[in-house]
Amino acid sequence: MLQNDTYNEIVKNLRAKYKKQALNMCELADELGVSVHTLRLSLKMGKNMPNYKILGSGEKRKKVIFALHDVAKFLANTEQVL
């Protein structure tokens, strides 16, 4: 139950902060406290990432987006390491 409460709180906070249904790479990097470069490396290696969708084609034209509910699930299930 605690995890569900955490998920709901995260979704609420993300919606209030971004006022949209998906985050881009820069916004997700900010939420995770990592650089966009680190996020791109994780994406390329396919490890430890929320679900995402790729829009467009080609290296320079494609855009990666992360649905808020997927980001919230990822954050709710991830332990913070200080």
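Confirm whether ASN51 is polar (S, T, N, Q) and surrounded by 13 or more Cβ atoms within 10 Å (Cβ to Cβ).
So ASN51 does not fit the description; no.
Exactly one condition in (1) under 12 Å from the mean Cα position of the chain (by Cα); (2) closer than 22 Å to GLN3 by Cα; (3) surrounded by fewer than 17 Cβ atoms within 10 Å (Cβ to Cβ) is false for LEU68; which is it?
(3)
Could you list, in sequence order, the residues of region 1-21 that are within 13 Å of the chain's Cα centre (by Cα) and of a type in the set (S, T, N, Q)?
GLN21
State all residues of region 1-33 that are surrounded by fewer than 17 Cβ atoms within 10 Å (Cβ to Cβ), within 20 Å of LYS62 (Cα to Cα) and of a type in the set (Gly, Ala, Ser); if no residue qualifies, say none.
Correct list: empty.
Is there any pair linking a residue in region 1-24 that is closer than 11 Å to LEU68 by Cα to one that is among the aromatic types (Phe, Trp, Tyr) and not in a helix (DSSP H, G or I), with Cβ under 7 Å and at least six apart or on different chains, and which?
If the second residue must be among the aromatic types (Phe, Trp, Tyr) and not in a helix (DSSP H, G or I), the pairs left are ALA22/PHE66; LEU23/PHE66.
For a quick check of your reading of the model, give me the residue pairs whose first member lies in region 36-56 and is on the phi > 0 side of the Ramachandran plot, whose second is surrounded by 10 or more Cβ atoms within 10 Å (Cβ to Cβ) and part of a helix (DSSP H, G or I), with beta-carbon atoms closer than 7 Å and at least 6 apart or on different chains.
Matching pairs, first to second residue: ASN48/SER42.
Rule-based calculations on the coordinates, nothing more; no lab input. These numbers come from a predicted model, not from an experiment. All Cβ positions, even for glycine, are placed from backbone atoms using ideal geometry, and neighbour counts span all protein chains on display.
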